[in-house]
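The values are calculated or read from the model by the stated rules, or taken from the named source; none is laboratory data. Just so we're clear, the structure is a prediction, and the values are computed from it rather than from any experiment. Counting neighbours? That spans all protein chains shown, and the Cβs are built from the backbone with ideal geometry, glycine included.
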Amino acid sequence: MKQGNLKLSIIAATTLLISVNAVAAGQMEYVEKKEEPVKVKSAPVPKPKRTLNGNMTLNYNVVPGNVETIEELFSKGIFYGRVRMNAFYWEWSVDGAPNKAPKQMGVGGSLIYKSGIYKNFSFMIGYYGSLNPSFWRPSAADAQFSKAGKDTFSRYKVKTGGGFGLYALGEAYLEYGTDRYNIKAGRQLFESVFTKSNDTKMIPNTFDGVSAGVKIAPKSTVRVAWFGYQKLRDHETHHDVITFGGDDPGNKWNKWRGNDDAGAHKGLTYEKFVAAGKDPHHNLYLADFSSKYIKNLKFTASYLQVPGVVQDGVVEAHYKIPVSDSGWAVRPGVRYFLQGDDGGGAIAGYTNLFGKNALGYDASVAHSLDSNLLNLRVDTLMPNKKGFFRIGYSNVADKADIVAPWRGFPTGGFTRAMAQYNWFANTETWMVRAVYKFNSTWKASLRYAIQNFDDRKDYVPSDSKVIHLDIWTNITKNLQMRMRYGNVSAKSDTVQVHLSTPSDTKYKKDWSYNEFRWEFNYLF
């Protein structure tokens, strides 16, 4: 062997020996090279086209985009479907009302089409329907006694021989919009402090007219609207925005032809407007400013007028105060509602919301709609949006009742419980509420309200306590079930009212009841 090769062999052997000794001593470790697994990207889960909020308004997550031609305006639009069921059972106390129509059910839904957007123009049209299974509905003879679930059909249609079943063009409008502003003309939803779609039955509350909104600053918007007609949830066609009853006084059921909302002022009748030489058709004007420009503050100022009848101004603010870094927060809120008479008091005369004599009301506003309402609340917000606790309070001035037939509910979000109307003059209400989200599927809400009506006023409800328990579950991303139990415990005292003499008394009946609701919503 050559000397050079010998030296290389000695070096190689020495290196191998050192390596073996190092491994044995734990100073070196042999690592086998592993192959990296191939990462496979999973397909993205498609968003539901629409999702439901707690108040049953809808979020449109998937919407049509811009198109290049008129043909694509139609061909690239999107259909939105909804199948829903609402079932009700209502049981009055013996004294409360006739239990002749305790069962109601609506089964149906809606089909909505949103067009593509061509040069900022688009349109939307939606058709709604509600069928009423015979095994869970009142007879035609007793349909007028319906309470919960009455909006699953039209009482006027049934009582005038049209039968059950409710079908309506719920939405139909043209829209022109950019990132900064938009204009809608036609039948539409309009969510404001005064007006709501209130789509908790089968068909939403809608308005016919024109609305516009513009962003005037970051997170700040101004809106204006004119509406010539309203279409309540249990009507197939539109009607006046405030006049109670229609133009057929000889018809026994004429009261259901106009604005027969539970919050309507039933002293503002068609006959009274005509007798006073006033037009029974009215216009509704709205304007509001809302802003979240200041961190943690949500502020809204709103105005409404029905010329010749009433005008309202509302200021509302909610401020969120974080509690250190815990995720908890406190959010106080206030809403002040000022109602001014604009001629409606003289038309309604000495009547309250029920259209009855306003016995016991302040004589100075007996023929006026002047009034005001204060709402206060404090929310304690849980971390990660798991829920909240609320204490709410409302107080109506001892003047006129608040006129609110547009489903906005003056005390809504503060002290109003479902099916309650606590804005009669001199009414004070306290409410506590808790909402908790157990997981991504189950959620619950519990409300307890104490309603203190004015015992001196005739034709006004007696004091009551209200409990509402709501439980809802998202069975799938598109299917939701909701259940509700409601209980009202009302007094039936003999109280003093202002009749012919201050010492006169009258018996206020016990209007207590239990209610049960069961609802399904499937969106596609």
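When you check THR200 against the structure, is it more than 30 Å from GLY109 (Cα to Cα), of a type in the set (Val, Ile, Thr) and within 20 Å of the chain's Cα centre (by Cα), yes or no? Show your work before the answer.
Details: more than 30 Å from GLY109 (Cα to Cα): no; of a type in the set (Val, Ile, Thr): yes; within 20 Å of the chain's Cα centre (by Cα): yes.
Criteria not met by THR200.
Restrict the check to the stretch 144-155 and report whether at least one residue is part of a strand (DSSP E or B) and in contact (Cβ under 8 Å) with a residue 24 or more places away in the chain. Break it down stepwise before answering.
We begin by selecting, within the stretch 144-155, every residue part of a strand (DSSP E or B); these are 147, 149.
Still in the list and also in contact (Cβ under 8 Å) with a residue 24 or more places away in the chain: 147, 149.
Yes, that holds for at least one residue.
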Worksheet item: For the stretch 423-524, which strands (runs of 3 or more DSSP E) that fit wholly inside it have 2 or more residues that are at pLDDT 90 or above and out of contact with any His (no Cβ under 7 Å at 6 or more places or on another chain)?
Response: 428-437, 442-452, 464-474, 479-490, 513-523
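For residues that are farther than 15 Å from THR195 by Cβ and in contact with an Asp or Glu (Cβ under 9 Å, 6 or more places away or on another chain), tally how many sit in the stretch 400-414.
Let us first name the residues in the stretch 400-414 that are farther than 15 Å from THR195 by Cβ, namely 400-401, 411, 414.
Restricting the remaining residues to those that are in contact with an Asp or Glu (Cβ under 9 Å, 6 or more places away or on another chain) gives 400.
Qualifying residue count for the region: 1.
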Worksheet item: Looking at the stretch 347-360, is at least one residue touching a residue at least 12 places away in the same chain (Cβ under 8 Å) and over 20 Å from PHE273 (Cα atoms)?
Response: yes
Worksheet, complete the sentence: The condition from (1) in contact with a His (Cβ under 6 Å, 6 or more places away or on another chain); (2) farther than 30 Å from ASP470 by Cα that LEU353 misses is numbered (2)
Practice prompt. Specify which of the listed residues (PHE424, PHE438, PHE409) is surrounded by 15 or more Cβ atoms within 10 Å (Cβ to Cβ) and either over 26 Å from LEU297 (Cβ atoms) or in contact with a Ser or Thr (Cβ under 9 Å, 6 or more places away or on another chain) (or both).
Written response: PHE424
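Listed here are the residues, each with its yes/no results for (1) crowded, with 17+ Cβ neighbours inside 10 Å; (2) hydrophobic (A, V, I, L, M, F, W, C).
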| site | (1), (2) |
| --- | --- |
| ASP95 | no, no |
| PRO102 | yes, no |
| GLY106 | yes, no |
| GLY109 | yes, no |
| LEU131 | yes, yes |
| ALA140 | no, yes |
| ALA148 | yes, yes |
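Using the structure shown, decide if VAL107 is over 28 Å from the mean Cα position of the chain (by Cα) and in the same structural domain as VAL62 (by TED's automatic domain parsing). Can you show your working first?
Details: over 28 Å from the mean Cα position of the chain (by Cα): no; in the same structural domain as VAL62 (by TED's automatic domain parsing): yes.
When the stated conditions are applied, VAL107 does not pass them.
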Fill in: Single unsatisfied condition, LYS356 versus (1) surrounded by fewer than 19 Cβ atoms within 10 Å (Cβ to Cβ); (2) at pLDDT 95 or above
(2)
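If you go through the stretch 185-212 one residue at a time, how many are charged (D, E, K, R) and surrounded by fewer than 22 Cβ atoms within 10 Å (Cβ to Cβ)? Lay out the reasoning, then the answer.
Pass one, the stretch 185-212, residues charged (D, E, K, R): 187, 191, 196, 199, 201, 208.
From the residues that got through so far, the ones that are surrounded by fewer than 22 Cβ atoms within 10 Å (Cβ to Cβ) too are 191, 196, 208.
Of the residues in that region, 3 qualify.
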Fill in: When residues of the stretch 68-102 are limited to those that are basic (Lys, Arg) and either in a loop (DSSP other than H, G, I, E, B) or at pLDDT below 95 (or both), the one farthest from ASP199 (Cα to Cα)
LYS76
